[in-house]
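These notes concern the structure reproduced below.
The values are calculated or read from the model by the stated rules, or taken from the named source; none is laboratory data. What you see is a predicted model, and the numbers here were worked out from it, not measured in a lab. In this analysis, Cβ positions are derived from the backbone assuming ideal geometry, glycine residues included, and neighbour counts consider all displayed protein chains. Heavy atoms of the whole protein, side chains included, go into the accessibility calculation; ligands, DNA and RNA do not. Shrake-Rupley method; radii C 1.70, N 1.55, O 1.52, S 1.80 Å.
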Amino acid sequence: MDTGYSQEVVALDRAGAIYKLKRNRRGWKVIRGRLKLKHASAGETGLWAVSRSSYIYYRVGKSTFTLDNT
């Protein structure tokens, strides 16, 4: 589980799916995608994630994850 400056809260389940705490703080919303993650972090600039294959992904707003090539 992680939260950042933006007040977003994200968490992973055991299967590697990512969830975001709803704005009303009354439940979780799944962030759809096929990635199985081992880490996720929410911050002011967006959502960062690391796949089980150790690839780094970045998401801004409601866009899909894209591979960070840096």
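Worth pointing out:
- Solvent-accessible area, 1.4 Å probe, carbon plus sulfur percent, for region 10-52: 49 percent
- The packing ranking of peptides 12-20, 24-32, 37-45, highest mean first, is 37-45, 12-20, 24-32, where packing means the average number of other beta carbon atoms within 10 angstrom of each residue.
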